[in-house]
1. Give the residue that is farthest from Q61 (Cα to Cα), with candidates limited to residues of segment 376-413 that are not β-branched (V, I, T) and not in a helix (DSSP H, G or I).
2. Any residue at all in segment 68-78 that's without any contact (Cβ under 8 Å) to a residue 40 or more places away in the chain, over 30 Å from G441 (Cα atoms) and in a loop (DSSP other than H, G, I, E, B)?
3. Restricting attention to segment 95-131, which residues are modelled with pLDDT under 90 and farther than 24 Å from E230 by Cβ?
4. Taking segment 189-233 only, how many residues are in a helix (DSSP H, G or I) and either of a type outside the set (G, A, S) or surrounded by fewer than 16 Cβ atoms within 10 Å (Cβ to Cβ) (or both)?
5. Six or more apart or on different chains, Cβ under 6 Å: which pairs go from a residue in segment 205-226 that's within 23 Å of T407 (Cα to Cα) to one that's outside any helix (DSSP H, G or I)? Could you list them?
6. Working only within segment 321-343, note down all residues that are more than 20 Å from the chain's Cα centre (by Cα) and more than 30 Å from F190 (Cβ to Cβ).
7. Run M84 past the list (1) within 15 Å of the chain's Cα centre (by Cα); (2) at pLDDT 80 or above; (3) buried (at least 19 other Cβ atoms within 10 Å of the Cβ) and report the number of the one that doesn't hold.
8. Just to be sure, is S131 of a type in the set (S, T, N, Q), assigned to a helix (DSSP H, G or I) and over 20 Å from P414 (Cα atoms)?
Amino acid sequence: MSEKTISAEKIAKRKEKEAKEIRRLEREQAKPRGHAYLYYLMAIISVVYISDEVASQIGTQMQSVIAQNIFAPVFGPDMAVARMSALGSLSLLAFVLAFMYKPLADRYGRKHFLVLNTLGMGLGLFFISVSTNIPVYILGAFVIALFIPHDMQVVYILESTPPKHRAKIYSIIKAIATVGMMMIPLLRDFFMGSDTSNWRLVYLVPAIVAAGAALFALCFARETDAFVAERLEYLRTDEADRGKTTEQAQGGFLTALKFCLGNKQLRWLMVGGGFLMWGGLMTMYYETTMTYGYAAQFLEQGMELKQAQANAAPFVTRALFLFPIGSASFQLIQGFLSDKWGRKPTVIVMSVCALSSFGLFFLGARQNWNPYLVGLLCGSAIGSYWASGDVAGGIMCSESTPTNLRTSVLSVQPILNTLFGGIAIITGLVLINLFGDAYTGLISLCIAMPGILVGLIIISWKVRETKNVNLKEITGNE
């Protein structure tokens, strides 16, 4: 059989496959969407988002507990968190792999990856729940790191809501998901208390919830209208003309990377967002900061560190009950501010709130303030920090990118940000391993402050406002 014949057969098969995809997408597009569809879609997304938030935060909120039960027997109680963080850096490989796989959603659709990512997070939580040694724990952390970064639920919200209410709806759902994190202290209190040996059940329950959320999304969520319309336009375009312009490109990591580097708006968003990432240290060690703060009173009584931390655990649990409230409040506020004042002013306000709240939280934990107040301040700091990141890295990047490249750009963005933010993370990791776990809070604050201030200056001066843009009309050529 000649090469020409083989080539003709491949072309015919590809055309037949594309014809089937067109028919499938046309049926999807033709299905009526009642007035209630948006409401129940957002309900589904809320459940998925709760699973994502719990999977994202449980490692931090259980940090000192896991460190003392799995890492302290090997490395000692005073360096357990530091060594756990050092070994946990192996999950950076999963982080890179995650963003190589995320662009596939621009080719195959959002729904498949919404389901797969949620199921993957549940699997990682399950691995940790059955771990009795460091390698199995690292495996679970690796799996979670592979599936957490995709945030496909965010893409669903941005592509399915009216432009003038986009940030508000996003912030409401994010606030609901943040309040859902109260599951963690509830499980800590119910299963663990001051007996930290029962910590595995705190992981097992969210693993089951994530599996249920994935099944729920598989059965009831539909593909986004924006993706269906864009994909049909691509498939109906003459094959010779496909991929010649940014508007026709169908995602891909390298395509998105080239687009980001060549687009002034996205380029400065990446640089500014990278400096904002220096504040990420505040989100990594707050539970350890609380634990050492409340353990100080017991250490002064002559207790050993392990017993002092066990006695501090109930205080930390009470603080974590108010953490979701403080965090959700700022997640909710940012959407209304963003739609009213604009994206850039909101990033500035939220970042300033993050630094001031974290400073008060750090002081309160050290001075043995009421744990509910300390938890509220901690939640306010972390919530306002992520609110600024969500606006700059999620909403503004999405509102500056055409639909056919949106998830691809959102996979490139964290990697480019990390080139800047990674400096702070590595510096913090080295300093914590040098000085010990007790200094994590102070080191985090000292590194976060200059990075956030530089990021705000860049975004204020170099990035244009994106409020009220129509996602379907973005070309990326502005």
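1. Filtering segment 376-413 for residues that are not β-branched (V, I, T) and not in a helix (DSSP H, G or I), the one farthest from Q61 (Cα to Cα) comes out as P402.
2. no
3. Matches in segment 95-131: F95, V96, L97.
4. Final tally of qualifying residues: 30.
5. E223/G109; T224/R110
6. Taking segment 321-343 and keeping what is more than 20 Å from the chain's Cα centre (by Cα), we get 321-322, 336-337, 339-342.
Listed by number, the residues that qualify are F336, L337, D339, K340, W341, G342.
7. (1) is the only condition that M84 fails.
8. no
The values are calculated or read from the model by the stated rules, or taken from the named source; none is laboratory data. Predicted model, so just to flag it, every value in this text is computed and none were measured. All Cβ positions, glycine included, derive from the backbone under ideal geometry; neighbour counts span all protein chains shown.
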